[in-house]
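So the structure is just underneath, and the comments pick up after that.
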Amino acid sequence: MVVYLVGAGPGDPELITLKAINALKKAEVVLYDKLANEEILEYAENAKLVYVGKQAGQHYKTQDEINKLLVKEAKDNNIVVRLKGGDPFVFGRGGEEMLALKKEGIKFELIPGVTSAIGAPTTIGLPVTHRGIATSLTLVTGHEDPTKKEKQVKWDFKADTIVILMGISNLAENIAEIMKYKDPSTPVCVIENGTMENQRIITGTLENITEKNIKPPALVVIGHVVDVFKEINQIDE
Ligand code: SAH
């Protein structure tokens, strides 16, 4: 028995790796989250498909329940794929699942994916680092677990570029925090549905980005690297 922890990429079904496709092809069971594009499940031609993501208005599985199910499926089958959007280890809780498997002595293999945090900006010509402009990058969640006693994110980042995932519902609050440390005129680019047909790109500054109509799934890129994107795409603002 083996479990493959697999990244599905950011949305465009062609941005999945060959290694991921090969694992899906031989899978007997696939446990998957909400994926931007379910087309890639077609590679899993012989597998039982089990959805373990969120479902509107219904109880969705806790991480503990998912871990237990993963362990059970691994004990009942030879080849299990656990498929997640982007990269499993970038805000994907892949680490927790890996530890749960290790605890049970179940063999696992890790197949990274193109994370939306980098793949979505890259696809539109927005480099997250750029010589002379940005030598460092912070990747942060905009939505910390509300049950945590104390917030871990302080927003006083020194990095030249900040990419926020899960950041739309708390955007105004978090941007207000960032403006305590960064110039309000710092450029911002929001990518909705990155790498997909319905992709939308919204640009602005820290000061005005929250006035724009932004809908999830989206990520937020903050920093002067956004000027490079504007230059490439001839956007004047
Ligand atoms: N493991 C995933 C991230 C999971 S957290 C990865 O590596 O990409 C979910 C967050 O990712 C969303 O709230 C959103 O901020 C971001 N996201 C995922 N796919 C996206 C896409 N196609 N376009 C824009 N943001 C995306």
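Structure above, values below:
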read-out: Phi-based couplings in Hz for the stretch 120-125 (Karplus 6.51, -1.76, 1.60; Gly and Pro marked x); value: 5, x, 4, 4, 9, x
read-out: Amide H partners (placed H, <5 Å) of Tyr4, local residues excluded; value: Val80, Val81, Arg82, Glu109
read-out: Asp145-Asn233 pseudo-label distance in nm [points 7 Å out on the Cα-to-Cβ vector]; value: 3.5
read-out: Among Pro146, Pro88, Pro13, residue whose mean-square fluctuation peaks in a GNM of the chain (springs only between Cα atoms under 10 Å); value: Pro146
read-out: Heavy-atom accessible surface of the chain: percent carbon and sulfur, 1.4 Å; value: 50
read-out: Heavy-atom surface of the stretch 42-165, accessible at 1.4 Å and reported per residue (Å²); value: 59
read-out: Förster-model FRET efficiency, 22 Å R0, Asn22 and Val50, C-beta, rounded to 0.05; value: 0.65
read-out: Order of exposure, largest accessible area first, which applies to Leu83, Leu69 with probe 1.4 Å; value: Leu69, Leu83
read-out: Phi-based couplings in Hz for the stretch 68-80 (Karplus 6.51, -1.76, 1.60; Gly and Pro marked x); value: 5, 5, 4, 5, 5, 4, 5, 6, 8, 9, 7, 10, 10
read-out: Stokes-Einstein diffusion coefficient of the stretch 1-112, Kirkwood radius over Cα pairs, 4 °C, 1.567 mPa s, in µm²/s; value: 94
read-out: Karplus 3J(HN,Hα) series, Hz, for the stretch 148-153 with 6.51 cos²θ - 1.76 cosθ + 1.60 (x for Gly, Pro); value: 5, 5, 10, 5, 8, 8
read-out: Most mobile of Arg131, Arg82, Arg93 in a GNM of the chain (Cα contacts under 10 Å); value: Arg131
read-out: Residues with amide H under 5 Å from that of Gly53, placed H, sequence gap 5 or more; value: Lys34
read-out: For the chain, the fraction of alpha-carbon pairs in successive 10 Å shells from zero, as %; value: 7, 30, 31, 21, 9, 1
read-out: Cut-off 15 Å (backbone N to label point 7 Å along Cα→Cβ of Glu65), residues of the stretch 1-37; value: 32-34
read-out: For Thr205, distant residues with modelled amide H under 5 Å away; value: Val188
read-out: Using alpha-carbon coordinates, inclination of helix 94-103 to the longest axis of the chain, degrees; value: 30
read-out: Beta bridges per DSSP with both ends in the stretch 91-237, % antiparallel, nearest 5; value: 75
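The values are calculated or read from the model by the stated rules, or taken from the named source; none is laboratory data. Remember, it's a predicted structure, so these values are computed and weren't measured experimentally. Cβ coordinates were reconstructed from backbone atoms using ideal geometry, including for glycine residues, and neighbour counts include every protein chain displayed. Just so you know, the surface numbers come from the protein's heavy atoms only, side chains and all, with ligands and any DNA or RNA stripped out. Shrake-Rupley method; radii C 1.70, N 1.55, O 1.52, S 1.80 Å.
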